[in-house]
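Here's the structure we're looking at; comments come further down.
The values are calculated or read from the model by the stated rules, or taken from the named source; none is laboratory data. Note that this is a predicted model, so its numbers are computed, not measured. Neighbour counts are summed over all protein chains in view; Cβ atoms, including those assigned to glycine, are modelled from backbone coordinates with ideal geometry.
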Amino acid sequence: MRLVAVDGPSGSGKSTYAAALGAVVVPTDHFATWDDPVSWWPRLVADVLEPLWAGRPARYQRMDWSQGWPRLGEWVTVEPTELLVVEGVSAARRSIAARLDEAVWVELPDERERLERAVARDGEASRRHLERWQAFERGWFAVDGTKARVDRVVITD
């Protein structure tokens, strides 16, 4: 299985880019929460990547964001595939870099515009959480060095 990560700041267009690849996509939003933006990663590896690498179906319980606050929702099954895209903040993190076939960084340089896109997507009630999230991700990307390791940078507008 080829593994592609589509990473970058929130509101930059990662989901749109990943969907255009025409592959099976597992969003990090299925795992992350406002209070746990990145430490859920071992669950994605154990429940999704390891079974797929072994040629077995993967099964995980996704976060349901429909009420504005994440809670465990429906079960998702991912059948073995030739190409898997993991999309979202931290998808190309340092700990998975050696296993990636390609890492893509999607960026919209204007942080205010990214915030407004995210609020339009998630609702005005999420604005405070999204502002906190964007502050977190700036620190995360600086420490992880994500953008410096990617294979391709895509600038959106």
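Go through the residues of the stretch 87-101 one by one and say whether even a single one is surrounded by fewer than 17 Cβ atoms within 10 Å (Cβ to Cβ), modelled with pLDDT under 95, under 19 Å from ALA142 (Cα atoms) and over 12 Å from the mean Cα position of the chain (by Cα).
Step one: filter the stretch 87-101 for residues surrounded by fewer than 17 Cβ atoms within 10 Å (Cβ to Cβ), giving 94-95, 97-99, 101.
Subset that is modelled with pLDDT under 95: none.
The answer is no, given that none of the residues of the stretch 87-101 is surrounded by fewer than 17 Cβ atoms within 10 Å (Cβ to Cβ), modelled with pLDDT under 95, under 19 Å from ALA142 (Cα atoms) and over 12 Å from the mean Cα position of the chain (by Cα).
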Out of the residues in the stretch 113-157 that are closer than 10 Å to GLY11 by Cβ and among the basic types (Lys, Arg), state the one that is surrounded by the most Cβ atoms within 10 Å (Cβ to Cβ).
ARG114
Would you mind finding the one in ALA18, ALA23 that is surrounded by 14 or more Cβ atoms within 10 Å (Cβ to Cβ), within 18 Å of ARG117 (Cα to Cα) and either among the polar types (S, T, N, Q) or modelled with pLDDT of 95 or more (or both)?
ALA18
Could you tell me whether any residue of the stretch 34-55 is closer than 23 Å to PHE136 by Cβ, assigned to a loop (DSSP other than H, G, I, E, B) and more than 17 Å from the chain's Cα centre (by Cα)?
no
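Residue by residue, here is whether (1) farther than 20 Å from TRP34 by Cα; (2) free of Cβ contacts under 8 Å to residues at least 40 places away in the same chain holds:
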{"residue": "LEU49", "(1), (2)": "yes, no"}
{"residue": "TRP53", "(1), (2)": "yes, no"}
{"residue": "ASP64", "(1), (2)": "no, yes"}
{"residue": "ALA98", "(1), (2)": "yes, yes"}
{"residue": "TRP105", "(1), (2)": "yes, no"}
{"residue": "GLY123", "(1), (2)": "no, no"}
{"residue": "GLU131", "(1), (2)": "no, yes"}
{"residue": "ASP151", "(1), (2)": "yes, no"}
